[in-house]
Amino acid sequence: MPILATALLQGLKDHGARELFGIPGDFVLAFFKAIEESGILPCFTLSHEPAVGFAADATARYRSGLGVAVVTFGAGAFNLVNAIAGAYAERSPVVVIAGAPGASERASGLFLHHQARSIDTQLAVFKEITCDQAILTDPATAPQEIARVLRSAREHSLPVYIELPRDMVAVSVEPVPVLPRRGADPDALGECADEIIAKLAAASSPVLVVDVEIRRYGIEADVATLARRLGVPVVTTFMGRGLLGGAPDVVRGTYLGSAGDPAIAHLVEEADALLLLGVIVCDTNFAISEKSFDWRHTVLAIGRTVRVGHHVYPDIPIEDLVAALLARTEGQVPSTLRPPESAAAYPRGLVADGQPIEPSDIATAINDLFDRHGPLAMTSDIGDCLFTAMEIENTALAAPGYYAGMGFGVPAGIGVAVGLGDRPLILVGDGAFQMTGWELGNCRRYGADPIVVLFNNRSWEMLRAFQPESLFNDLDDWNFAAIAPMLGGHGERVTTRRELVEALEAAIARRGRFSLIEVMLPRGRTSDTLARFVSAFKSARARALSHDPEKLADFSDKIMR
C-alpha cells in the first residue's frame, strides 16, 4: 500500500492536477520530502505564500482544472488566505494542502508555534473560503475523504482545503479513488433546457452573456457552437474578458455598461431575453448598467443552479445544460454572426514618435505587437492595467476582475509560464508590483521568460481616480527596471512611444530571462476605459443616492432587485 503522502499526490494527479506551488515549513517538511522523492508532480516554490496561491489560481483558470497550493501550518496558511478568498469569489478550484501538528503535539497541552487562537482556528478560517474540507487523521478514511474533497473542487469549481498532520505523512493507506461525477437529473435537465429554448425562440433580440464558468468547465467551444446554432450574439462580462478568443465570429465585445461601447451596452440592456452562462452577478460586471435585469426574461446558470425567470432548477451543472441545449439545436444551420456596425475597433497603429506615453498607448502598442507576432497569454493585476487590457484584442486573460485583490498579476504569470509552458504577457501597476513583483526573481531557476509591462505612475492611480484629493495616493519612484538585472532579468525604462514600441519588439526576441518594461506614466492620467468607468460609476452612485440615500450602502447589489 502507498503511504498517505504519495496517495494524496497520485490522487491529485488522477483528478487533473499537473503541478504544485508551495513554500516549505516545519509542519509540512515531511510532505515536501515525499513530493521531491516521489516525482509524481513537479513542485515550484516561490517566495511568499500569497504568490503561491495566485500562481495555483492562474494555472487552474488557464487549464480548466485543479491548481494546488502547499503551505505550512499557521504562519504559512494564514498568508494564503487572501489569495484563496479571491479564488473562491471568482470560482477557481484551488486545492489548499496545509500542514498541521501531529496527534501527540495536539495532546501535549502546550501552545504550539504558528498557532493562533486554537489548533483548529486555521480550519475555521478556511471553512469560510472553501467549499469542502478534509482533516486527514484516520488512515482508514483518508483516501475517501481526499476523493470527496477533490470531486467537490472539480464539480463546484471552488477551492477546497486538506489538512495533513505531519505524523500522518508516512502512514500506509489505500489508493485515492476517483469518485463518479454527479450529473443532473435527466427530467429536470430536460425541462430546464426546453424552457430556455422556448424563451429564446419567443424573443426578438436575445443575447448570450458569458463569464468565467464556461472557462472553468472547459466548454468555450461548445458555447461558441451553441451561439452559432441559435444565431444569438455573444458578449463577455468584464470578468470574462478573454473568453472565446478563438471564436471572433461569435463575440461582439465586452459589456461594460455605460463605460463601454454604446452598441454593446444597447445590445445587452435592450435585449428581451438574456442567457447568462457562468456569470457572476457582481458590481464590477453590472453596477454601471443603465438598467437592472428583468428576471422574467433572464436565464442565469452558475454554481450548478439555473434560474429561468422565477423558476429555479438546482443541481444542474452548466456543462450538462450546454450539452442539453446543443442536443436540442442539433441540425440547425449555423448563423453567421457579425459585429454591430458601430462597434469600436481595438486601437492599432501607434505612432512611434517622441511623445510621452499615455496608458491607452500601451494597449495600442500591444495590439500592434500581437498583429506582428501572434497573441500571448496574458495575466493582469487589478488597476488601470486591467482596464487598459479591455482595449487589447480579445485574447486569453486571467485577472482578479471581481475580487480585485492586488498582487495577482506577476505570480499568476509565473504560474502560467512554469505550469503551462506558455510565455505570458504580464500587465501590472507599480503599487501591485511592490507587493509581489519580486517573485520574478524565481524565473531564472525555472527557465521562465515572461514579458512584464509595468505601469509606473508612482501612484495608486485607480484610488486617485475615485479620490484625487488624497496625498496618500502618491508613491515613490523605486526604479524597478534598474533592479531587474539583480533578479535575473532584463529591465528597461521607457518614457516615449518610440521607446515603448522598441522595447516590446526587443522583449519578444529576447528569450531565456524575463523582460521588464517599466513604462513611465504621468500621475493623474488613466486609460480611456478607466476614465469612462469612473465617470459612469460615480454617476450611477449619485443616481442611487438621489433616489434613496439608504440605497447607497447596497449599491453593488442593486442589480439583484
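Here, each number is a calculation from the coordinates, and none is a lab measurement. Because the structure is a prediction, the values reported are computed rather than measured. Virtual Cβ from ideal backbone geometry, glycine too; neighbours counted across all protein chains shown.
Key figures
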item	result
Placed amide H near Gly22: partners under 5 Å, 5+ positions off or other chain	Phe44, Thr45, Leu46, Val70
Full-stretch length increase - Ile119, Arg181 - with 0.36 nm per residue and alpha-carbon distance subtracted	19.0 nm
Along the chain, longest interval not containing exposed GluC sites (Glu not before Pro), exposed being DSSP loop plus at most 13 other Cβ atoms within 10 Å	129-269
Efficiency of FRET between Asp194 and Asp371 - r from beta-carbon atoms, R0 45 angstrom, step 0.05	0.50
In order through the stretch 131-141: 3J(HN,Hα) via Karplus (6.51 cos²θ - 1.76 cosθ + 1.60), integer Hz, x for Gly, Pro	8, 7, 9, 9, 10, 8, 10, 10, x, 5, 9
Span from the the stretch 232-309 Cα centroid across to the the stretch 138-173 one, whole angstrom	37 Å
Cα gyration tensor shape of the stretch 4-168, rounded if a/c is under 1.5, else prolate or oblate by comparing a/b with b/c	rounded
Calculated from backbone phi, Karplus (6.51, -1.76, 1.60) coupling profile of the stretch 447-463 in Hz, x at Gly/Pro	x, 8, 9, x, 9, 10, 9, 9, 7, 10, 10, 6, 6, 7, 5, 5, 5
Label-point separation, Arg328 to Ala352 (7 Å along Cα→Cβ), nm	5.3 nm
Local net charge near His373, Cβ-Cβ under 15 Å (Lys/Arg +1, Asp/Glu -1)	-2
The stretch 114-183: trypsin sites (Lys or Arg not before Pro) in DSSP coil with no more than 14 other Cβ atoms inside 10 Å	Arg117, Arg181, Arg182
For Ala398, residues with placed amide H under 5 Å, excluding near neighbours	Met378, Thr379, Ser380
Calculated from backbone phi, Karplus (6.51, -1.76, 1.60) coupling profile of the stretch 267-272 in Hz, x at Gly/Pro	4, 6, 6, 9, 5, 9
Ellipticity estimate at 222 nm from DSSP helix runs (n ≥ 4, -39,500 (n - 2.57)) divided over the chain, nearest 500	-11000 deg cm²/dmol
Cα-projected label distance for Leu463 with Asp249, points at 7 Å along beta-carbon direction, nm	4.8 nm
